[in-house]
Amino acid sequence: ESYTKFSLYIIIIYLLFFAFSSITVSIDGTGDFTSIQEAIDYVENNPEDKNIQIYPGTYFENILITSDLVLESFEGPENTTIDGGNPNSNNLGSTIIIRPASNSTHHPEAIIDGLRIINGKGSKVQNN
């Protein structure tokens, strides 16, 4: 019986480790991606990878989420910011938009944890 419990624990640990792999984002290029949107786009095309972990820094981005995912920072909102008011960008809308993908009725579930979100201007909502 103890052998069976031990085997079960090993299987659970294995599944947890491989089922919840994380994608990393770092401004300095040491992560899998240098922008949050690039990581989101990757996750949308690889749904088995839903966790995006973000290293400290200020990310000047307006991001669009159309699939289920988790965005979390390594060091909390004191050190990790998404700034949607980049003056060099023509896209000065919402800092984060969460909506269904085109031609989809699935409403994405997004968990956003430990990120400071600033300077979005809002986006016009149009219901069809």
(request) Search the range 54-76 for residues that are touching a residue at least 60 places away in the same chain (Cβ under 8 Å) and pair each with any residue that is open to solvent by 10 Å² or more (accessible area, probe 1.4 Å) and assigned to a strand (DSSP E or B) when their beta-carbon atoms are under 9 Å apart and the residues are at least 6 apart or on different chains. (result) Ile54/Thr24; Ile54/Glu72; Ile54/Ser73
(request) For the range 46-107, please list each of the strands (runs of 3 or more DSSP E) lying entirely inside it that holds at least 1 residues being under 21 Å from Thr34 (Cβ atoms) and at pLDDT below 90. (result) 96-98
(request) Among the residues of the range 108-128, write down those that are modelled with pLDDT of 75 or more and part of a loop (DSSP other than H, G, I, E, B). (result) Pro108, Glu109, Gly114, Leu115, Asn119, Gly120, Lys121
(request) Report yes if some residue within the range 19-30 is farther than 23 Å from Ile118 by Cβ, in a helix (DSSP H, G or I) and at pLDDT below 90; otherwise report no. (result) yes
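The values are calculated or read from the model by the stated rules, or taken from the named source; none is laboratory data. Because the structure is a prediction, the values reported are computed rather than measured. Backbone-built Cβ (ideal geometry, glycine too); neighbour counts: all protein chains shown. Protein only, heavy atoms only, side chains kept; ligands, DNA and RNA dropped before computing areas. Shrake-Rupley method; radii C 1.70, N 1.55, O 1.52, S 1.80 Å.
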